[in-house]
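The values are calculated or read from the model by the stated rules, or taken from the named source; none is laboratory data. Every value quoted in this text rests on a predicted model; they were computed, and no experiment measured them. Virtual Cβ from ideal backbone geometry, glycine too; neighbours counted across all protein chains shown.
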Amino acid sequence: MKPSAFRYVVPADLQSAVHARAANYDSAVLSGGQSLIPTMNFRLSHPDVVIDLRLLDELDYVRTDPSYVRVGAMTRQRTLEFDDSAYRANPLIRQTLQNVAHPVIRNRGTVGGSLAHADPAAELPCLITTLRGELVAHGLDGPRKIPAADFFQFIFTTALEPDELLVEAAFPVLDPGEGWAFCEFARRHGDFALSAVACTVKIGPGGAIQRARLGACGIASTPVVLAECEALLVGNKPSEELFAEVARQAVSSIEATDEPEAQRRYRRHLLDGLVRRALEQAIQRTGARV
Amino acid sequence: MSTDTSSMRAVAGDYEVDDLVAVTMTVNGTAVEAKIPARMLLSDFLRHELRLTGTHVGCEHGVCGACTVHLGGRPTRSCLTLAVQADGCEIRTVEGLADFDGTLHPVQQSFRECHALQCGFCTPGFMMSVAGLLEEGIGNDLSDSELREHLAGNLCRCTGYQNIVAATRKAIDLRDGKEG
Ligand SMILES: Cc1cc2nc3c(=O)[nH]c(=O)nc-3n(C[C@H](O)[C@H](O)[C@H](O)COP(=O)(O)OP(=O)(O)OC[C@H]3O[C@@H](n4cnc5c(N)ncnc54)[C@H](O)[C@@H]3O)c2cc1C
Ligand code: FES
Ligand code: FES
């Protein structure tokens with residue numbers, strides 16, 4: 001099918017984009033179009049106004065500073081994937097992106113579009129939530145920082161106000177020697193994850209885990225930080241038994257869904273395996289042994 | 001909320017529902033100008049307006065890859081792109097793969113030699129995706145499963161993929177001048 005007709009607005013800069021957004025609360029923002037246009041093709045969405053951000057080159061950048069990899073909202077996913085400075089500062093970003101759709105989709109899909117879309121099974125929202133990253137929104141009142149934990153509110157729902165655009169995503173850099181992993185299970189390559197796990201671990205001088213970050217997607221209406229799991233890890237030496245305990249804890253944090261029992265059991269089984277696999281890979285990358 | 005109405009707002013374009021949008025692009029090396037509705041998909045613009053029917057349309061939601069073309073040098077789903085988004089851009093379709101003198105592109109040569117098609121519906125999309133991989137510098141050091149991952153965004157209902165994987169390897173060799 002084809003999109004229904006709409007008024008088409010092409011702002012030349014961010015200010016005019018924000019004004020266009022504020023003047024048209026029922027508008028759709030078009031960045032890469034890789035989620036919006038399929039829904040328009042199938043008339044699942046039929047916006048009155050489409051605001052196309054394609055001229056906003058000011059939002060197409062990857063800047064790495066000592067604390068963050070800062071990515072402009074209009075940066076194509078594939079551009080960030082290939083960015084070497086981002087890879088050196090946080091290799092987990094590249095590994096996560098390689099799980100997002102197919103290369104051809106990532107050529108067009110933007111970092112901001114994926115985050116603003118807030119699919120509960122999407123990889124980038126899971127990554128930025130797990131890393132305790134930060135998002136920058138821009139509305140009539142100017143820019144506003146939003147911690148990732150507050151940004152994702154529900155399925156396809158974010159903390160963006162109707163007049164706000166997402167302009168930047170800031171992914172924390174990893175410490176030297178910190179291990180990392182992103183593991184997912186999807187039915188076919190390039191599909192959204194049934195479930196995925198992102199993690200980082202840092203080993204302290206005595207061989208115990210000093211810092212751990214663990215998060216998952218596909219198990220609730222937003223990406224989640226597995227805080228109890230992180231607490232179990234910190235202060236302990238990595239071992240298979242520890243990882244098994246952490247995986248059991250992770251499984252108990254899956255939110256009750258209305259799935260049939262068989263599917264629920266399958267999802268628990270998946271998460272259990274993904275958590276253990278991610279921890280093993282991350283520990284391996286620290287150079288420590290299990 | 002402060003509404004700053006005094007500021008100058010730069011809007012490059014604002015088109016009502018029935019307006020036509022003037023676009024210019026370069027398609028397979030030829031400059032094209034057209035006036036089109038904003039809702040027209042790039043796939044339909046290529047097929048219906050320019051009559052370049054080599055670009056196929058399968059699913060219209062980004063899953064099959066049959067509509068893949070190069071936009072600004074990168075493989076792109078033309079069914080998930082509005083034609084107006086391509087304003088000012090370079091487009092290359094399957095019709096623009098061969099040289100002007102008819103010499104086949106390595107990917108066309110290899111698909112032909114390896115019998116990598118049966119009905120041919122998926123072929124233009126596959127070839128545009130593989131041509132993009134060749135330009136990105138993909139190498140034959142990849143394992144079959146890694147290569148298949150790169151091809152997974154295109155679906156074929158006939159061949160069973162074996163010969164498509166073989167043709168992709170052959171195209172890499174042809175690019176690298178390893179075979180005649
Ligand atoms: C076949 C296929 C497979 C896919 N598989 C995956 C997958 O495995 N994992 C995954 O994560 N994604 C997947 N995607 C989605 C893809 O990653 C999209 O690119 C992404 O979700 C949206 O980014 P976009 O730039 O295309 O945004 P668009 O489609 O342009 O916009 C998406 C939504 O975000 C809003 N929006 C966009 N930019 C902004 C902004 N700057 N400020 C405020 N709102 C904004 C839009 O209004 C719209 O509601 C897949 C897509 C396809 C077609
Ligand atoms: S028609 Fe575009 S991906 Fe299927
Ligand atoms: S050759 Fe028929 S679909 Fe691929």
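Figures for the structure shown
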read-out	value
Residue within segment B:73-94 that is at pLDDT 95 or above, more than 20 Å from A:Arg76 (Cα to Cα) and more than 10 Å from chain A (Cβ to nearest Cβ) present	yes
Meets criteria (within 13 Å of chain A (Cβ to nearest Cβ), more than 16 Å from ligand 1 (Cβ to nearest atom), surrounded by fewer than 20 Cβ atoms within 10 Å (Cβ to Cβ) and of a type outside the set (Ser, Thr, Tyr)) for B:Cys119	no
Residue in segment A:103-122 that is more than 14 Å from chain B (Cβ to nearest Cβ), at pLDDT below 95 and either out of contact with any helix residue (DSSP H, G or I) (no Cβ under 7 Å at 6 or more places or on another chain) or over 28 Å from B:Glu149 (Cα atoms) (or both) present	yes
Unique match (being more than 16 Å from ligand 2 (Cβ to nearest atom) and touching a Cys at 6+ places or on another chain (Cβ under 9 Å)) among A:Thr75, A:Thr96, A:Thr110, A:Thr64	A:Thr96
Residue check for B:Ala38: within 18 Å of A:Gln34 (Cα to Cα), more than 11 Å from ligand 2 (Cβ to nearest atom), in contact (Cβ under 8 Å) with a residue 12 or more places away in the chain and among the small types (Gly, Ala, Ser)	yes
Extreme residue, nearest to ligand 1 (Cβ to nearest atom), among residues of segment A:162-204 that are modelled with pLDDT under 95 and charged (D, E, K, R)	A:Asp191
Residues of segment A:69-87 classified as outside any helix (DSSP H, G or I) and either within 14 Å of chain B (Cβ to nearest Cβ) or surrounded by fewer than 24 Cβ atoms within 10 Å (Cβ to Cβ) (or both), total	6
Tally of residues being buried (at least 20 other Cβ atoms within 10 Å of the Cβ) and either within 16 Å of ligand 2 (Cβ to nearest atom) or assigned to a strand (DSSP E or B) (or both) across segment A:42-61	3
Boolean, B:Ser145 is within 14 Å of chain A (Cβ to nearest Cβ), without any contact (Cβ under 8 Å) to a residue 60 or more places away in the chain and surrounded by fewer than 20 Cβ atoms within 10 Å (Cβ to Cβ)	yes
One residue from B:Gly132, B:Gly125 being within 19 Å of B:Gly160 (Cβ to Cβ), crowded, with 17+ Cβ neighbours inside 10 Å, touching a residue at least 40 places away in the same chain (Cβ under 8 Å) and within 16 Å of ligand 2 (Cβ to nearest atom)	B:Gly125
Out of A:Asn24, A:Asn90, sole residue that is at pLDDT below 95, surrounded by 15 or more Cβ atoms within 10 Å (Cβ to Cβ) and more than 16 Å from ligand 2 (Cβ to nearest atom)	A:Asn24
Wholly enclosed helices (runs of 4 or more DSSP H) of segment A:187-290 bearing at least 1 residues aromatic (Phe, Trp, Tyr) and at negative phi	A:240-252, A:261-286
Given (1) away from chain A (no Cβ under 12 Å); (2) within 16 Å of ligand 3 (Cβ to nearest atom); (3) of a type outside the set (Asp, Glu), number of the condition B:Gly153 does not satisfy	(1)
Segment B:41-62 - residue that is in a loop (DSSP other than H, G, I, E, B) and facing chain A (nearest Cβ under 8 Å) and, of those, surrounded by the fewest Cβ atoms within 10 Å (Cβ to Cβ)	B:His61
Hits in segment B:152-180 - residues which are exposed (fewer than 14 other Cβ atoms within 10 Å of the Cβ), among the small types (Gly, Ala, Ser) and farther than 15 Å from B:Thr123 by Cβ	B:Gly177, B:Gly180
Residues satisfying the stated conditions in segment A:29-39, i.e. more than 8 Å from chain B (Cβ to nearest Cβ) and buried (at least 19 other Cβ atoms within 10 Å of the Cβ)	A:Val29, A:Ser31, A:Gly32, A:Ser35, A:Leu36
